[in-house]
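The values are calculated or read from the model by the stated rules, or taken from the named source; none is laboratory data. From a predicted model like this one, the values you see are computed outputs, not experimental measurements. Please note: Cβ atoms are built from the backbone with ideal geometry, for glycine as well, and neighbour counts cover all protein chains shown.
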Amino acid sequence: MFRKITVRPFEYGLVFRDGAFKNLLEPGEYRRMNLLGREMIEIASRRAPWLAHEQLDLIAASGALEGKAVVLDLADGERGLVWIDGRFDAVLPPGRYALWTGFRRIRTEVVKLEDVRFAHADRDAILASKNAATLLDVQDVPADHAGVLFVDGRYVDTLAPGRYAFWRNRGAVKLARVDRREQAMEVPGQEVLTADRVTLRLTAVGAFRVADPVRAVTATDDAKQALYREVQLAVRAAVGGRTLDALLADKDALAKDLAEIARAKAATVGLELVALGVRDIILPGEMKDLLNRVIEARTAAEAAVITRREEAAALRHQANTAKLLAENPTLLKLRELEVVERVAAGGKLSVVLGEKGLADRVVNLL
């Protein structure tokens with residue numbers, strides 16, 4: 001009928017009678033009468049801080065745990081944080097919990113889920129705990145990116161690069177990561193008809209960056225693809241208003257017009273157009289041959305004009321020289337002597353003076 005019960009210093013005895021909790025036994029020696037097996041005593045060690053029992057609600061409601069344990073009763077909009085001996089141990093979902101005090105250092109904190117984002121001074125230690133992944137969703141925003149946060153389809157905030165944690169089951173959380181670095185873009189192989197009805201192919205190249213992350217993810221499903229389409233339309237508009245000659249003569253003007261048209265469209269989807277230009281202009285085979293022949297004919301005509309201009313200049317020079325010599329006989333004689341001197345320098349020269357008058361004239365010249 002009697003039995004001896006020993007409760008060691010780091011233990012408590014849980015007394016149940018007829019299956020219901022009755023009271024708590026402090027450490028010590030006890031002799032208990034158990035009539036017809038109606039009483040049962042369970043020993044709970046305080047070295048294991050968590051008191052897990054199917055009748056925890058009755059034990060906590062009795063007041064027996066007052067001053068001996070920390071009792072947490074978490075509602076749906078609450079979460080519990082538990083530290084044991086200065087080290088974070090667990091994140092608690094809604095429910096009732098009890099942890100023995102006195103033998104271990106217990107610290108608890110109840111968090112109200114007023115914001116879907118979780119921020120805490122011990123966040124990294126909390127996220128590293130064993131059950132944090134079941135209650136918290138961790139997402140990173142890489143460097144040079146912006147995070148556009150939506151909750152239940154509504155825009156909430158734009159997040160800087162870093163790590164963020166969000167409570168699970170507190171709304172549909174979507175974090176759109178937007179690259180804010182400068183990006184290259186190429187629009188190849190566009191077949192366009194010029195104003196003089198010449199078909200050509202050209203490639204547009206450019207660079208852009210995200211200026212407004214929120215607009216970039218809300219104005220369209222793919223901002224880069226939207227800019228790609230706008231550049232295609234800008235190419236057709238700019239080239240279609242020019243003749244082939246005007247296009248080839250000033251490609252910089254074409255690039256400027258392209259940029260002006262596309263820049264305004266880019267701003268509507270949150271993008272900033274940094275640069276836009278034309279890299280390649282390809283003509284059809286027959287048009288290329290025709291253009292080459294035109295260039296050859298133009299070059300030949302320009303060469304003929306230059307030749308005729310030089311010939312006319314040479315003739316004018318000769319006419320002026322002849323007029324000058326006719327008006328000055330002495331200059332004519334000196335010119336004759338220069339010719340004689342060049343001939344004599346180039347070979348053997350014999351001069352025969354067969355007429356007295358000619359000899360006298362030569363002597364007079366000398």
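Brief remarks follow.
- Within segment 128-137, none of the residues are farther than 16 Å from LEU81 by Cβ and in a loop (DSSP other than H, G, I, E, B).
- Residue in segment 98-105 that is outside any loop (DSSP other than H, G, I, E, B) and surrounded by fewer than 17 Cβ atoms within 10 Å (Cβ to Cβ) present: no
- When segment 315-363 is filtered for residues that are modelled with pLDDT of 75 or more and assigned to a loop (DSSP other than H, G, I, E, B), only ASN328 remains.
- Just one residue in the set LEU72, LEU51, LEU14 is surrounded by 12 or more Cβ atoms within 10 Å (Cβ to Cβ), in contact with a Gly (Cβ under 6 Å, 6 or more places away or on another chain) and under 30 Å from GLY86 (Cβ atoms); that residue is LEU72.
- Matching residues, segment 263-285, being in contact with a helix residue (DSSP H, G or I) (Cβ under 6 Å, 6 or more places away or on another chain), free of Cβ contacts under 8 Å to residues at least 60 places away in the same chain and either assigned to a strand (DSSP E or B) or within 16 Å of VAL178 (Cβ to Cβ) (or both): ALA266, VAL269
- THR203 being outside the structural domain of TYR155 (by TED's automatic domain parsing), modelled with pLDDT of 85 or more and over 30 Å from GLY153 (Cα atoms): yes
- Residues that are modelled with pLDDT of 90 or more, farther than 19 Å from GLN55 by Cβ and in contact with an Asp or Glu (Cβ under 9 Å, 6 or more places away or on another chain) within segment 8-43 comprise just one, PRO27.
- Entirely in segment 1-89, the strands (runs of 3 or more DSSP E) that have 1 or more residues that are farther than 26 Å from ALA132 by Cβ: 2-7, 11-17, 20-25, 28-33, 39-45
- Residues in segment 18-48 that are basic (Lys, Arg) and either surrounded by 14 or more Cβ atoms within 10 Å (Cβ to Cβ) or touching a helix residue (DSSP H, G or I) at 6+ places or on another chain (Cβ under 8 Å) (or both): 3 in all.
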